[in-house]
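Each remark here refers to the structure printed beneath this line.
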Amino acid sequence: MSRGIIIFAQNNEYVNYAETACACAGYARKNLSLFDEICLITNTETLESNETLINEYFDRVIVSSIFQPDNVRLFKDTTDKLEYAPFKNMGRSEVYELSPYAETLLIDSDYFIMNDVLDQVWDSENDVMINCKYRDVSERHKENIEYIDNFSIPMYWATVVYFRKSDFAENLFTLISHIKYNYKYYYYLYNCSGNLFRNDFAFSMALHILNGSVAFDVPSLPIDYLNNSFDLDDIFRVNSHNDIIMYCADAERVTNHLLSRFTNMDLHIMNKKAIGRFIDDFLSNGEKV
Amino acid sequence: MVDTTEKIKTESSADDLQRLENALDFSYTMRTFNLNKNNLRIKTQNLLSYSTAGGSFTVNQSLISFMNFVVSSGKTEISLLDKNDIPIHIENTEKFLDEISSLYFEVVNDYYNEYQKLRSSRKIEKVLEI
């Protein structure tokens, strides 16, 4: 039974996702031990411009030229800087076909694994595991379940997904792919908010359809919550492979920040520019192949 | 008759303003402490997870007590619902109890130590080792 961690990365003019993915892979390798390989799925341009670094952090690289229609999103770097840039996030639906592993742990390139809890996913009874609950590490968002819209279905976070090769997972990814190519229809059907194609939405809709379009529960990952640091937060210091101090945007006034230290706790750091500012620290604290 | 009604201050002295500023500063410090305290609590929740035989369990006092009852009743194997309500067969109840108890003691002990560090210091810089 092969077990692999897969990360997607495609650079745009705003973020060097390949570097971020390498940092993320380094943290995964340092903190987890029960996987066989860490694999990057990327495009030719991203690989060519970062090949040496990528080969240091990944056991395997898969080049894929997946259809990436225009999907422009607003990137925030705290409240100071806002910038629109293309967001190339459409490849995830193809991961079932592309994954060479019997069991796959798919993680975002900005998800930093800082303990070994995700080692518990391997050999699970469940074909798919994904989290619905999340927590804002700055405590600005009080609720722990987000909905696609106030009158729609619960949102599942595609940030970390476990799946094994199985009928359920295959059908799930077939549906996600179908939703991707017919997004406008499903966007209105599910009363989505925002114009951006979001994998979280596509996964949530596909899970809803696959479970008979009724209220449903999908097995959650061993971690109870996704610990999200939203893009108004910043990084103060990267201490080690399991210790980061963050500037958390204050709930009362987001331009103010409170310091908080995160040890032995996975962090989804959405401020990509902040990761970029500390990329050398992240890379040096992670483990290479 | 003595008038005990406190006069409403129309002007603040420099001393009053300083005290107010200190109070507001302290509120900022308290928010930082509370945020760190909550993050410690969430970290503990995340770490109190134990997986075996394909199931995933949240380790808490109830699970430990129940498993203690199972082991004391002489049952060596049982089926148990995991956190996703999937029935999981536990082949060695004693080993399972040992492992979840050890995990619980280790994680909660770490939580205790970090919590003590946090509450015993008034300076966030010291706690965060900045």
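Once amide H atoms are placed 1.01 Å from N in the peptide plane, what residues at a sequence separation of 5 or more from A:Met155, or on another chain, have their amide H within under 5 Å of its amide H?
A:Glu146, A:Tyr147, A:Ile148
Let me know the shape class of segment A:46-179, please: from the alpha-carbon gyration tensor, a ≥ b ≥ c as square roots of the eigenvalues, rounded when a/c is under 1.5, otherwise prolate if a/b is greater than b/c, or oblate.
Here segment A:46-179 falls in the rounded category.
If every alpha-carbon in the protein assembly as shown counts as one equal scatterer, what log10 I(q)/I(0) does Debye give at q = 0.08 1/Å?
-0.49
Toward the positive end of the charge dipole of the protein assembly as shown, about the Cα centre and with charges on Cβ (Lys, Arg +1; Asp, Glu -1), which of B:Ala14, B:Ile42, A:Ala102 goes farthest?
B:Ala14
Take each of the peptides A:32-39, A:20-27, average the number of other beta-carbon atoms within 10 Å over its residues, and list them starting from the highest.
Put in order of decreasing packing, that is A:20-27, A:32-39.
Each residue of segment A:46-52 in turn: what ³J(HN,Hα) in whole Hz from Karplus with 6.51, -1.76, 1.60 and θ = phi - 60°, glycine and Pro shown as x?
Working through the residues one at a time gives 5, 5, 4, 7, 9, 4, 4 Hz.
Could you please state, rounded to a whole Å, how far the C-alpha centre of segment A:31-84 is from the C-alpha centre of segment B:95-123?
37
Using a 10 Å cut-off on Cβ to Cβ distances, tally the other chain neighbours for every residue of B:37-47 and report the average as a whole number.
On the way: counts 1, 4, 12, 5, 0, 8, 8, 2, 5, 11, 6.
Counting Cβ atoms of other protein chains within 10 Å of each residue's Cβ and averaging gives 6.
Quick one: angle between helix B:61-72 and the longest Cα principal axis of chain B, in degrees between 0 and 90, rounded to 10, please.
30
Where does helix B:93-120 land angle-wise versus the long Cα axis of chain B, in degrees 0 to 90, nearest 10?
Once rounded, the angle reads 10 degrees.
Might you report the magnitude of the Cβ-based charge dipole of segment B:17-127 about its Cα centre, with Lys and Arg at +1 and Asp and Glu at -1, to the nearest 20 debye?
Computed charge dipole of segment B:17-127: roughly 780 debye.
Provide the packing ranking of A:3-11, A:181-189, A:195-203, i.e. peptides ordered by the mean count of other C-beta atoms within 10 Å per residue, highest first.
Result, highest mean first: A:3-11, A:195-203, A:181-189.
What residues from segment A:232-254 fall in the zone where the backbone N is under 18 Å from a label point 7 Å along the Cα-to-C-beta line of B:Leu24?
Those under the cut-off are A:250-254.
Under the 0.36 nm per residue contour assumption, what length would be gained going from the current alpha-carbon distance of A:Leu196 and A:Glu83 to full extension?
39.2 nm
Under 17 Å from the 7 Å Cα→Cβ point of A:Val63, by amide nitrogen: which residues of segment A:1-37?
Of the residues in segment A:1-37, A:9-11, A:18 have backbone N under 17 Å from the label point off A:Val63.
Which of the helices in chain A, when you take each full DSSP H run, stretch at least 20 Å along the axis at their Cα atoms and have an average Kyte-Doolittle score of 0.0 or higher?
A:167-181
When DSSP beta bridges are limited to those with both residues in the protein assembly as shown, what percentage is antiparallel, rounded to the nearest 5?
The antiparallel proportion sits near 65 percent.
Relative contact order for chain A: what is it in percent, counting Cα pairs under 8 Å that are at least 6 residues apart? Spell out each step's value before the answer.
Working: 617 pairs, mean separation 71.0, N = 289.
Taking the mean separation of contacting Cα pairs over the length of chain A, I get 25 percent.
For the pair A:Glu13/A:Leu74, report the inter-label distance in nm, with labels modelled 7 Å from Cα in the Cβ direction.
2.0
Mind giving me the FRET efficiency for B:Tyr112 and A:Thr174? R0 is 51 Å, r the Cβ-Cβ distance, nearest 0.05 is fine. The partial results should precede the final answer.
Values: r = 49 Å, r/R0 = 0.95.
It comes to 0.55.
Per residue of A:183-193, count partner chain C-beta atoms within 10 Å of its C-beta, then hand back the mean as an integer.
Per residue, the number of nearby Cβ atoms from other chains is 0 on average.
Work out the length of the dipole vector of the protein assembly as shown about its Cα centre, built from +1 on the beta-carbon of each Lys and Arg and -1 on the beta-carbon of each Asp and Glu, and round it to the nearest 20 debye.
About 620 debye.
Could you give the C-alpha radius of gyration of segment B:37-130 expressed as a fraction of 2.2 N^0.38 Å, taking N as the number of residues it contains?
Normalised Rg, Cα atoms only: 1.35.
For chain A, modelled as a GNM with alpha-carbon contacts under 10 angstrom, which of A:Arg164, A:Arg29, A:Arg261 fluctuates the most?
Largest GNM mean-square fluctuation: A:Arg261.
Under 5 Å between amide H atoms, partner at least 5 residues away or on a different chain: which partners does A:Arg73 have, H built in plane at 1.01 Å?
Here the answer is A:Ala85, A:Phe87, since their amide H atoms fall under 5 Å of that of A:Arg73.
What do you get for the angle between helix B:14-47 and the principal long axis of chain B? Use alpha-carbon atoms, 0 to 90 degrees, nearest ten.
0
Every number in this text was worked out from the coordinates using simple rules, so none of it is lab data. Predicted model, so just to flag it, every value in this text is computed and none were measured. Note that we place each Cβ from the backbone using ideal geometry, even for glycine, and neighbour counts take in every protein chain shown.
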